[in-house]
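A quick write-up on the structure given underneath.
The values are calculated or read from the model by the stated rules, or taken from the named source; none is laboratory data. All values derive from a computational prediction rather than experimental measurement. Cβ placement follows ideal geometry from the backbone for every residue including glycine, while neighbour counts extend to all protein chains displayed.
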Amino acid sequence: MTLDYLDFDYSEDTEGVGVFDAMATVRPEQIAAVHAEVEKVLGWANGVFAGRRGPVEDGGDWDYDLQELQEDAPGDPRHTVTLSVSGTEAFCAAFREAFELPG
């Protein structure tokens, strides 16, 4: 699956939990497309790893944090969406494969 707005970076904590972070800053007319990509990512995770969402340290396979900010700058308002998806090694491998991310 390809994504046009969400460009994920990967990091890993000292306990092996992987985190994919993406941020998209767009004009108001593009926000629906960003929301659709977020839904695609979370829909994939909920489908492939159904019932296994929760913090890894509590036994879950994956979790996420989604935030949105509307910047009312004069002349050219922007929306910023940040999505962080964390998971186990198996989840991260499947995520990379599904969204064609480098290993």
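What's the total number of residues in the range 65-97 that are part of a helix (DSSP H, G or I) and closer than 20 Å to GLY54 by Cβ? Talk me through it step by step, then tell me what you get.
First, pick out the residues of the range 65-97 that are part of a helix (DSSP H, G or I): 89-97.
Pick out the ones that are also closer than 20 Å to GLY54 by Cβ and you get 89-95.
Here the count works out to 7.
Each row is one residue, and each column tells you yes or no for (1) modelled with pLDDT under 95; (2) closer than 15 Å to SER11 by Cα; (3) of a type in the set (A, V, I, L, M, F, W, C); (4) buried (at least 17 other Cβ atoms within 10 Å of the Cβ).
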site: GLU57; (1), (2), (3), (4): yes, no, no, no
site: LEU66; (1), (2), (3), (4): no, no, yes, no
site: GLN70; (1), (2), (3), (4): yes, no, no, no
site: PRO74; (1), (2), (3), (4): yes, no, no, no
site: VAL85; (1), (2), (3), (4): no, yes, yes, yes
site: PHE91; (1), (2), (3), (4): no, yes, yes, yes
site: ARG96; (1), (2), (3), (4): no, yes, no, no
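Out of the residues in the range 28-51 that are in contact (Cβ under 8 Å) with a residue 12 or more places away in the chain and more than 12 Å from the chain's Cα centre (by Cα), which is farthest from GLU100 (Cα to Cα)?
PRO28
Can you tell me which residues in the range 1-48 are small (Gly, Ala, Ser) and either at pLDDT 95 or above or crowded, with 16+ Cβ neighbours inside 10 Å (or both)?
If the condition is that a residue be small (Gly, Ala, Ser) and either at pLDDT 95 or above or crowded, with 16+ Cβ neighbours inside 10 Å (or both), then SER11, GLY18, ALA22, ALA24, ALA32, ALA33, ALA36, GLY43, ALA45, GLY47 are the ones that fit.
Suppose we filter ALA50, ALA33 for residues that are small (Gly, Ala, Ser) and in a helix (DSSP H, G or I); which single one remains?
One residue alone meets the criteria, ALA33.
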